[in-house]
Each structure stands twice: as structure tokens, then as C-alpha cells.
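Step one of this worksheet: look at the structure below.
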Amino acid sequence: MGYLNPDQQKEIRLKQEQKLSKSYYDRVNYFCQRKRLGYDKRNHRVKGLSCNNWSCARCRPKMKQELFYKVVTASMVFGLDKHIILTVPGRNYRNKVTVEESFELLRYDFMKLRKVLKYHLGDIEYIAMMRSQTDGYAHTHMLANKFIPQAFLKKKAGKYPNIGFTSIRQNTDVAKYLTNDFWKDHEYVIPDGKRHYSCSRNVAPYMAKNNEKSEDIKSFELNDNYNIFSQIEKVVYDESKYPVPLETMLCYLKPDIRPRIGG
């Protein structure tokens, strides 16, 4: 392969990092509907429970739909009709900073910028969604209830080395974002473990996770150190005094596999 200068090494590393991230998001989490199960006492049925990870190709469409409804509801309640976009700087910056680092650095400067805006404009209700550009680097979509003059925003954001392009639009741009870019799958390909959105304190209750759990569903997690079927059998019997449903028995006729149950 020969000698590679630092810039070439950087380019190869970034391409590998981006490719790995996309492939990671393009697959279904192996443990989705396998690791966590639920026993439906009313219908005497065992089913797999979703993993609810943004990186899971099966769960992500449902999670995007749920997030969309929450964002729209919060936007209507708090008047979040201003769309602010912040990106990391261009090529020279990206030659020095990895994709994963860009998310942490942009978030760090965004938090400082938010405090400055609060100092000058007072409390701002907002939802900030950290997303990926086509090259994998970070940018933020922020929906806010207060208009910030473009010149003022550019001046304040320009003091932070990890913020490059800035823009602010009103009304139609929010609708355009929520019906277009919001749904683009590549925007959700962000480093594992990073938060997909944050919001102001008053908005938080509208963005909280759904904790709707039926009293008829007993959820449990399988332990790889014990026989899988025995674990299911114990939960079903403890909850209903009935044997394991036939369809679940058929799933586990081969003890060396962990099938996906129901869904």
C-alpha cells in the first residue's frame, strides 16, 4: 500500500468511520424482539419486545414517527415556529476533527451559545435535534419560540470554533423541515450513545418517553447463562399457572437458536 501521509491516513480513517456508522444503522439489532420478551396474560401469548434503539432499522421508523408527533405537539403549544440551523465548520476543520468528535464539540459550543442567547433574550423554549450531514458530520436543527436576528446570531455563534454556518427562518421553514429533512434516514446516523435531541425544561414533559405499559403484559429479559425455554416457562407459569403457548414451544424446538417471537 506504500507510505500514506497524515492527510491520506485521515481520509481513509474518516471513510471507514462513516461506512461503519452507516452499516451499523442499516441492520436490525440482533436482540430486538429476542432479548426482552413480554407475556400477555389476557391472550396467553409470549411476544418479543422492541429494543427501542435509534440504531435498529426495525425500531427507528416507529421512533421517528413518535418523535414527530411530540415535536409537532410541543411546537404548537409553545409556538416553536423559528428554525435555527448550526453546523460545524468546513473542510479545514473536518480534516482535523473526526465525525464522532464533531458531535461532542458542536454540542459543547451549542450549550454555551444557548446561555448567551438566554442572557440577551431571556428564557427560550426550544427543541434541539443533533443530526448528521451527508458526510457524517454534525449539525443541529433547533426549533425555538423567539426570533433571533441573523446578524446577532452569526456574531455570537462566530465566537465559538466548533460552529460554522448559521441560519434562522420562520414558519414555512419549520413546516418544510418537519415534512422533509426530518424524515431523511441519513440524518439519524449519529455516533452510538449520543443524544438525538434535547429541549428546554418546560418542553421536556411533551418530549418524555412513553411509559405506557399494560398491566396484562409481564416483561422480562432473558439471561444467556440459563436455558431460554425454562426461563419463559417459569414466567408463564408464575403469571398464569398455564403451560407455555404452543406457538412459543414451536419457536424453541431448536435449542441452539434464539428466534424472533411475534412482534
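Give segment 47-65 a look and list any residue that's hydroxyl-bearing (Ser, Thr, Tyr) and crowded, with 18+ Cβ neighbours inside 10 Å, or say none.
Passing the criteria: only 55.
Listed here are the residues, each with its yes/no results for (1) under 26 Å from the mean Cα position of the chain (by Cα); (2) in the same structural domain as residue 201 (by TED's automatic domain parsing); (3) of a type in the set (S, T, N, Q).
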position: 111; (1), (2), (3): yes, yes, no
position: 127; (1), (2), (3): yes, yes, no
position: 132; (1), (2), (3): yes, yes, yes
position: 147; (1), (2), (3): no, yes, no
position: 155; (1), (2), (3): no, yes, no
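With the condition kept exactly as written, say whether any residue in segment 163-185 is closer than 22 Å to residue 92 by Cα, charged (D, E, K, R) and in the same structural domain as residue 103 (by TED's automatic domain parsing). Steps first, please.
Taking segment 163-185 as the starting set, the residues that turn out to be closer than 22 Å to residue 92 by Cα are 163-167.
This time we only want the ones that are charged (D, E, K, R), so: none.
No; the residues of segment 163-185 include none that is closer than 22 Å to residue 92 by Cα, charged (D, E, K, R) and in the same structural domain as residue 103 (by TED's automatic domain parsing).
Table: residues versus (1) outside the structural domain of residue 134 (by TED's automatic domain parsing); (2) surrounded by 15 or more Cβ atoms within 10 Å (Cβ to Cβ); (3) touching a residue at least 60 places away in the same chain (Cβ under 8 Å); (4) within 15 Å of the chain's Cα centre (by Cα).
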position: 79; (1), (2), (3), (4): no, no, yes, no
position: 84; (1), (2), (3), (4): no, yes, yes, no
position: 88; (1), (2), (3), (4): no, yes, yes, no
position: 101; (1), (2), (3), (4): no, yes, no, no
position: 105; (1), (2), (3), (4): no, yes, no, no
position: 108; (1), (2), (3), (4): no, no, no, no
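Return yes or no: is residue 43 of a type outside the set (Phe, Trp, Tyr), surrounded by fewer than 16 Cβ atoms within 10 Å (Cβ to Cβ) and part of a helix (DSSP H, G or I)? Spell out how you get there, then give the answer.
On the way: of a type outside the set (Phe, Trp, Tyr): yes; surrounded by fewer than 16 Cβ atoms within 10 Å (Cβ to Cβ): yes; part of a helix (DSSP H, G or I): no.
So residue 43 fails the test.
The values are calculated or read from the model by the stated rules, or taken from the named source; none is laboratory data. Quick caveat: nothing in here was measured; it's all calculated off a predicted structure. Reconstructed Cβ throughout: ideal geometry from the backbone, glycine too, with neighbour counts over all protein chains shown.
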